[in-house]
Structure formats: C-alpha cells, structure tokens
Amino acid sequence: MLWTMQAALFWLVLFVPQLIVFLLVSEPPTWEVALLAATGAVGLLHTAVEPSWRYRVHRWETTPDAVYTLSGWLSQEWRVAPVSRIQTIDTKRGPFQQILGLATVTVTTASAAGPVEIEGLDHDVARRLVVELTNTTQATPGDAT
Amino acid sequence: MSNPWEAPSGLPAAPEATEPRSEWHRLHVRMLVVRPLNEGVTALAAVFFLLFTGDGEKWRIIASSATVAAILAFSYFVWRTTKYRITDERVELHTGLFTRKQLAVPRDRIRTVDLTSKPGHRIFGLSAVRIGTGQQDVPGSDGLTLDAVTQEEAERLRVLLLQKGVAPRPAAEPGEETSAEPVEVPRSEVISQLDLKWLKYAPLSLSGLVAIGALIGLLTNYADDFGLHPVQSLFEWLFEDPSVGVIGASAIGLVVAGLVLSVPIYVMQFWNYRLTREPDATLRVQRGLLTTRSVSVEEQRLRGVDIQEPLLVRAGKGAKAVAVTTGLGSKGESNLLLPPAPIEVAHQVTRDVLKVDDDPTTRTLRPHPFAALRRSLVRHVVPWVVIAAGLAVWAPSWAWPIPVAIIPFAALVGWDNYRSLGHALDDRYLITRNNSLVRSTVALQRTGIIGWRIRRSFFQRRSGLMTIGATTAAGAGVYHVTDVGEADGLLLADAAVPDLLRPFLAEKSTED
C-alpha cells in the first residue's frame, strides 16, 4: 500500500509552513532567534518522528458490515461505522494528494460527530472502495438514522 | 406544479393555479406589522432618538419616516415573496427577494415541529413554525421556518405534519384565516406540569446572572452608539482608585440582583409548562409567558434522555431533563423536556417519556478506574497551575495568588468529576455520566448508536484508559464514556451493539 507516500505527504505539509516562518523573519532580536531555533529543532524532530509514527498507527478496514479506521499518533482514535448507517461517501483530493496520486475517502453517518475519514488512499483503491461501499450501502434498507 | 418563479400579481393573497390540494399559502398579512415589531425594535429606538433629540428640524423627520417606510417596505417584500405549500409528499417554501430560495422537505422526514410566538406575534395571534428533519442543524441556517402564520394555522400544520401515513386533508381556502375547518382538539396525556414549588431552583440556575450580563452587554452597546463608553470609564475609575469595598459591594449587588432576577426569568421561560403525549405519537412541550413555545417531537425518534444537573441545582437536589432526539437543535433550549425541577420529577418524566418502568438513569453506574481520578485531577488543576506560573512571571505581583486560590476548588471539581464518571448498560439503554459543573447523565437507546469513536490520548494510553464515544444521529451527535478502563470499555462497546466491534477487537488486542 501507499503508506510511505502518505508519510511523505505529511512531511511536505509540515515542512512548508516552517519554511515560510524561516523566510519571513528578518533582523530578529535575540529572543526571536532563540524561538526560531527552537521552532526549527522541534519542527525537524516532529517531521522526522510524527509521520512515520502516524503511518505506523494508521490503518483501515472495511467489512460487509462496517467501516473501521484507526488514526492519530499521540492521541489515537478508532472510528467504527456500520455500513447500514452510512449516509454519504465522499472522495476528496487535495493538491498534495493529487501530486502523489492519493485520495481521502470520507464516510458520513447521520451523526454530526461521526464521519470516518480514510486518508491517503491510492486513488484507484479509493475509487474501488467508494464503488464497493456504495453498492453495499444501497443494498441495505432503512433510512440510516 | 406551478411556476415558482412567476411573480405574484394582483391581490396579495391570490393563489397561483396549482394541482388540487397543494395551493400555495402565504404567511399571514399581519406579519407586515409584526416583523418590524420583532426585528425593528432597535431601528425604532434610533428613530425615536432622531426624532426627539433635535429641535424638530426637517431632516430628522424625513430621515425617521424614511426609516419606518424602509422597514415596512422590506417586510412587505418579504411577505410578498414568501409562500409555502404542503403537498402529499413535501413541504415546500419559496422565499427571498434578491436571492430566491426554494426549500423542500419530504413529509416523511419531518421529525419535529416547533411553534414559537414572540410577544409581537402574540399580540396579533400569530406563530412561527419551524420544521425539523433528521438532518443535523447547520449553524446559521434555520431549517424550514414559516414566520409567521395564524395560531390556528400553526396548530393545524403541527397536527398535519406529524401525522404519518394519513392522507393530508385538503388544504383550506387560500388566503386569510386558512383554518376555516375545525381543528379537532385531541385528548392528550399530561406527563408533567409546572409546579410553583420548582421556583426554588430558579436562583440556583444562575440564569439571573446570565441575564444581567446580557443586559449590561446590550446597554453598553447602545451607549457606545451614542458615543458614551461606560465600561472604559468604569475600568479607568476602578484602576485609579482600587478599593476592596467598592468591588466587593458591587459583586454582592450583582449576585443579589441575579438571584432576584432569576425568578421572573424562570417564570417567563417556563410559565404554563406542560409536557404531554399527543395521540399522534408525539411528545409536546409547551411553555413560556411572553414568548410561548410549543415543541413537538416524534416519539419514535426519541433516542434517549439526558438528565442535566448544574452544580448548584444538584446541590438543591434538582435536575432538568433534555430530549436526545433527531431534528432539534440545542439552540434556544428547544430540546428541553423539563425545566429545573426536583430530581424525582426528572426521573418520573424520564420514565414516562421513555415508557419504561424504571428510569434507566437511576441505574447503578459502574465507576471508572482509579487512574481516571488522577487524570481528572490533573486536567482540572494543571491549567490553573500554569496560569499561576505565567502570572507570577509576567504579571504584577498581586495577580498570581488568584489562580493559586482557585486551585483547591479546581481539585474539588476534579474529584467530583471523577465521582460523576460512570456507565451502565441495560437491555435497551447505554447510560453514561459525565462532568461535574453540569453533571449530565445520558440514557441512550442502544439501537440509536450508529458507530463508535474510541479515543486514547498519550496519557490515557499510559494509564490504560480510553474515552468511548457512541455516535448517534440524535442530540449532540456523540455521547462519551470518559476515562473508562480499556477492557471494561471495549466490553461495554461490544455488548452495547453486538457484532459491530467484534471483527476488529482481535486486531486491537494484538495492537498493544
């Protein structure tokens, strides 16, 4: 699967804002330099550790009955939604995801709090998943509230 | 289908040619006066200010009459461009002058009907109808609201819209006084009614203080408009000559005023409070002295009850009950089932509403592990320690003892918070209790759970805890079981909705 690519994506997402911070500051006072250095160090450490950690944690699975994800790194969160309660299925591709050929599939239930997001899927896998979920959802009766 | 884009012509009330039984209705013509009354009060104040401050120069009179005319014209256009109809399948609403908006709601998706009459409405015998569907409220959008129709028409709509599987009666003659046909008054079963003894919970609910805050905010706003800056001058005055006496006296004054004010507020909000079960399988809450509200909830859609006990009310052995249901926002407390009242009444209401012999919220709750106490204490105390440290470094020396003084109370709250934690499961409901300041015990129907969100923060993982969120279409959308032991929590989730979590549990246990 494409977990390595996703890690790279997180790298980019995290690196760019920091780069901007580095570039924007000119003639900084000492405390600002210290802050900058600290930001840089923490940022580097974070970018080195966080994506792979997140990548190690992140997993998803669909069964004919339910969709399941685990995400996060320091705080981890499982989300489970039964297929019979699915309301909508969206696919979303940000610019980075398009470059890397990835997509995010969002599965929404009737609850305002329960969207299940599967991030960083290979685009083809995402498409297949959406079709598959749509079919199983349509086959399930009820208005899903 | 009529053409909704066709500009209405001729007499204001003239209906367009439509298929039978689905004529377009307009909002009531009295709305011309009521809308300015309800919404234009601010503008009117400005008008009076304009009129009476000057020496009656010509421009003042012209400006103020222009304002009045503009308000009237605006409400005329709103009235003119708004129409609704009820067909066999849908409720449709077309509205808007510059931006035309068409709303259609399938009738079998209607879950709640909310009738509100503000004082302005009541003078003219009108009522605003808000129709709620299973959809979650999007902030800022009102859903489908008819503001306003006559009270009889509103009542007719309420009965009509909540009747399922019954062919709608032919719509009444279009135009004025649509409810020429008699609205039958069905017998309804009263579940609970306002008891004047409940008034003792009014001061405990702090609503008075909130009201004073709102009032001060409003007054400052007006004062600012007129070029005065009372808050600023007050602060200047205080800081120039800080005296404990003045501050203490005003604080006490505030509290007393709050206590006194809270009683009329309670009366205003909950006067004539009645919770009834209507024959068409809906629960109906009616209340209000000046602004009357009637909220009807389809009983089938009720997913549970939330018993809320704000700290002070809890001290007085009181509670309020809130419905966990789809189609109602929490906005304006429209989901309220019972105002602050004795806890026994709350339990009785819960029993009757859920049609069970034994209130699920009185179940013995399973306490959470000791580690949860530690987490709770840390969560409540640490922020104050941080604030104190921050103030000690950066603020004048008098500031830091204040958060330090708060720490013991924070610790107490943390301890109480831990004591509140608990969960239980019976054959129909998942019960969970959370929080200290507003302790809330939720009984959620197990069939209403449509998924899980299980969260473990870094510290929770270290102490073997997890927070389980049961997602649902109703109410807040997710109800948490906070800081439960891992094994306990997973067992609970698995037992509450069998087979949903099971396939994934094996994976989880190998995970750690």
| field | Cα-Cα P(r), the stretch B:370-511, percent of pairs per 5 Å interval | value | 2, 10, 16, 18, 16, 13, 9, 6, 5, 3, 2, 0
| So which of B:200/B:317; B:118/B:197; A:92/B:101; B:118/B:317; B:320/B:355 end up more than 21 Å apart by C-alpha? | B:118/B:197; A:92/B:101; B:118/B:317
| Going by how many other beta carbons lie within 10 Å of each one, how would you line up B:494, B:426, B:499, B:280, fewest first? | B:499, B:426, B:494, B:280
| note | Quick calc, the stretch B:370-511, dipole around Cα centre from Cβ unit charges on Lys, Arg (+) and Asp, Glu (-), nearest 20 debye, gives 280 debye
| For B:459, B:370, what ranking results if the residue with the fewest other Cβ atoms within 10 Å of its Cβ goes first? | B:370, B:459
| note | With residue B:419 itself left out, Lys, Arg at +1 and Asp, Glu at -1 over residues whose Cβ is under 11 Å from its Cβ give +1
| task | Starting from the Cα gyration tensor of the stretch A:59-139, take the square roots of the eigenvalues, sort them a ≥ b ≥ c, and report rounded, prolate or oblate (rounded when a/c is under 1.5, otherwise prolate if a/b is larger than b/c, else oblate). | result | oblate
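Computed from the coordinates by the stated procedures, all read-outs in this text should not be read as laboratory data. Quick caveat: nothing in here was measured; it's all calculated off a predicted structure. Heads up, the Cβs are rebuilt from the backbone with ideal geometry, glycines too, and the neighbour counts pull from every protein chain shown.
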